[in-house]
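Asks: If you scroll down you'll find the structure; I have some questions about it.
The values are calculated or read from the model by the stated rules, or taken from the named source; none is laboratory data. Remember, it's a predicted structure, so these values are computed and weren't measured experimentally. Neighbour counts run over all protein chains shown; Cβ positions are idealised from the backbone, glycine included.
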Amino acid sequence: MDNVLTATCTHKNNPTGASLATVATGIACSPIDPLDKTYTQAYPIEKLFLMRQSFTKYIAFAAGDYLVSDSTTYAVKAVHPWPALGSLDLYYHLILEQTDLDPVIPYSDRVLGTSPIAYWPLWETEGEYAECLACTPGQNGVYVEVTLANILGPDGVHYAPLFDGENDYVNIYSTIFRDAFNGNAGTLMIWVKIAEAVWTDGTLDFWLDLRVDTNNEARIIKSAANQIQWWYRAGGTINSATKSGVTTTDWMCLGLTWDKEADQVQPYYNGDAEGAALTGLDVWAGVLGTCLIGAQTTVPANPANAWEAQCAIWASALSAAQIATLATV
């Protein structure tokens, strides 16, 4: 949920303020001041009670937000401003409803919490740049002919772009990204959705490609009818895997990890390891020159006919547990 907040609040009965600790499920007050529990009543439909809690004007709460106090989650049902009176500043009453549901951490926050070197959600609705959330604006990608915000993305909140299989791609190359990339240990992840007919249209579709040259490359593609291929090539040695018989038209979370020191390359499909780890890695040589979402080259060659979203890259091999978590929205 996009509205999970972290901030510092002041209880109306505690003018010195109370520091809010960041927790996985949102905001923690430790605890909610009992003096602010001035209003409670039974709630007739599967709820325990309503509560009023006061925070200062500096907290931009809104209905739909969540906060957590003493391991209990509260949903903000309404926000009522209380005018300044005497020495009291303007403050807000939050009408809180206790809930058994944990607030959902936004998918983008979960990705950023794993420290990627680059992360392009591809959720823009207009403009030519694909914002990189994990870095400076110098790592923003550039959309080329892509149809933005064409379908609801995998997170169920933001929209994702369409790559039409003709001349669409996102150029994510930058010197900042190039220098941060680790060819000997890393992770690629991207969400892809394709129409049923595309699985058997006889084309190669490059969904994500990072390349120095033909001897040093990491990519995830549709390699044949109903087939996904994960490919890592370092120093001319190929480590690749394929998954055949794929017909889904749902969003797919595709990942690839590599670690020269551990001598492992591992493909992932929807959070699960796709086959055994590949071994016999060579040493990656050179610096990236081609970095594309949706095509193999900027001509473009082998353009993707797909919707793509949530592309992230790390300079280390994520664990199987981390991959599984990021494959769930």
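Asks: All but one of (1) among the β-branched types (Val, Ile, Thr); (2) loosely packed, with under 13 Cβ neighbours inside 10 Å; (3) modelled with pLDDT of 95 or more hold for VAL142; which doesn't?
Replies: Failed condition: (2).
Asks: Filter the stretch 291-329 for residues that are under 13 Å from the mean Cα position of the chain (by Cα), crowded, with 21+ Cβ neighbours inside 10 Å and farther than 21 Å from ILE194 by Cα and give the result.
Replies: Hits for the stretch 291-329 are ILE313, TRP314, ILE323.
Asks: Looking only at the stretch 131-143, which residues are hydroxyl-bearing (Ser, Thr, Tyr) and either on the phi > 0 side of the Ramachandran plot or part of a loop (DSSP other than H, G, I, E, B) (or both)?
Replies: Of everything in the stretch 131-143, just one residue is hydroxyl-bearing (Ser, Thr, Tyr) and either on the phi > 0 side of the Ramachandran plot or part of a loop (DSSP other than H, G, I, E, B) (or both), namely THR136.
Asks: Does ILE194 count as buried (at least 20 other Cβ atoms within 10 Å of the Cβ), of a type in the set (Val, Ile, Thr) and in the same structural domain as GLN296 (by TED's automatic domain parsing)?
Replies: yes
Asks: Of all residues in the stretch 201-223, which are out of contact with any Ser or Thr (no Cβ under 9 Å at 6 or more places or on another chain), in a loop (DSSP other than H, G, I, E, B) and either within 17 Å of ASN184 (Cβ to Cβ) or among the β-branched types (Val, Ile, Thr) (or both)?
Replies: Listed by number, the residues that qualify are THR203, THR214.
Asks: Then there is this: Checking the condition over 17 Å from ALA118 (Cβ atoms), touching a residue at least 60 places away in the same chain (Cβ under 8 Å) and under 23 Å from the mean Cα position of the chain (by Cα), which residue from ILE151, ILE172, ILE190 passes?
Replies: Sole residue among the options that is over 17 Å from ALA118 (Cβ atoms), touching a residue at least 60 places away in the same chain (Cβ under 8 Å) and under 23 Å from the mean Cα position of the chain (by Cα): ILE151.
Asks: Then there's this: Go through the stretch 302-329 residue by residue and tally those that are modelled with pLDDT of 95 or more, in a loop (DSSP other than H, G, I, E, B), of a type in the set (A, V, I, L, M) and over 18 Å from TYR143 (Cβ atoms).
Replies: Within the stretch 302-329, residues that are modelled with pLDDT of 95 or more, in a loop (DSSP other than H, G, I, E, B), of a type in the set (A, V, I, L, M) and over 18 Å from TYR143 (Cβ atoms) number 4.
Asks: Based on what the data block shows, is LEU148 touching a Ser or Thr at 6+ places or on another chain (Cβ under 7 Å), at pLDDT 90 or above and of a type outside the set (Lys, Arg)?
Replies: yes
Asks: Here's something else I'd like to know. It is to be established whether one or more residues within the stretch 156-165 are buried (at least 20 other Cβ atoms within 10 Å of the Cβ), over 18 Å from SER108 (Cβ atoms) and without any contact (Cβ under 8 Å) to a residue 40 or more places away in the chain.
Replies: No, the stretch 156-165 contains no residue that is buried (at least 20 other Cβ atoms within 10 Å of the Cβ), over 18 Å from SER108 (Cβ atoms) and without any contact (Cβ under 8 Å) to a residue 40 or more places away in the chain.
Asks: Considering only residues that are closer than 23 Å to TRP230 by Cα and not in a loop (DSSP other than H, G, I, E, B), which ones fall in the stretch 144-178?
Replies: Result: ALA160, PRO161, LEU162, PHE163, ASP164, TYR169, VAL170, ASN171, PHE177, ARG178.
Asks: Is one or more of the residues making up the stretch 227-250 within 17 Å of CYS311 (Cα to Cα), in contact (Cβ under 8 Å) with a residue 60 or more places away in the chain and crowded, with 16+ Cβ neighbours inside 10 Å?
Replies: The answer is no; no qualifying residue exists.
Asks: While we're here: Looking at this structure, is LEU208 surrounded by 23 or more Cβ atoms within 10 Å (Cβ to Cβ) and on the phi < 0 side of the Ramachandran plot?
Replies: Criteria met by LEU208.
Asks: If we scan the stretch 257-280, do we find a residue that is touching a Ser or Thr at 6+ places or on another chain (Cβ under 6 Å), surrounded by fewer than 16 Cβ atoms within 10 Å (Cβ to Cβ) and either assigned by TED's automatic domain parsing to the domain that holds GLU124 or in contact (Cβ under 8 Å) with a residue 40 or more places away in the chain (or both)?
Replies: Yes, the stretch 257-280 contains a residue that is touching a Ser or Thr at 6+ places or on another chain (Cβ under 6 Å), surrounded by fewer than 16 Cβ atoms within 10 Å (Cβ to Cβ) and either assigned by TED's automatic domain parsing to the domain that holds GLU124 or in contact (Cβ under 8 Å) with a residue 40 or more places away in the chain (or both).
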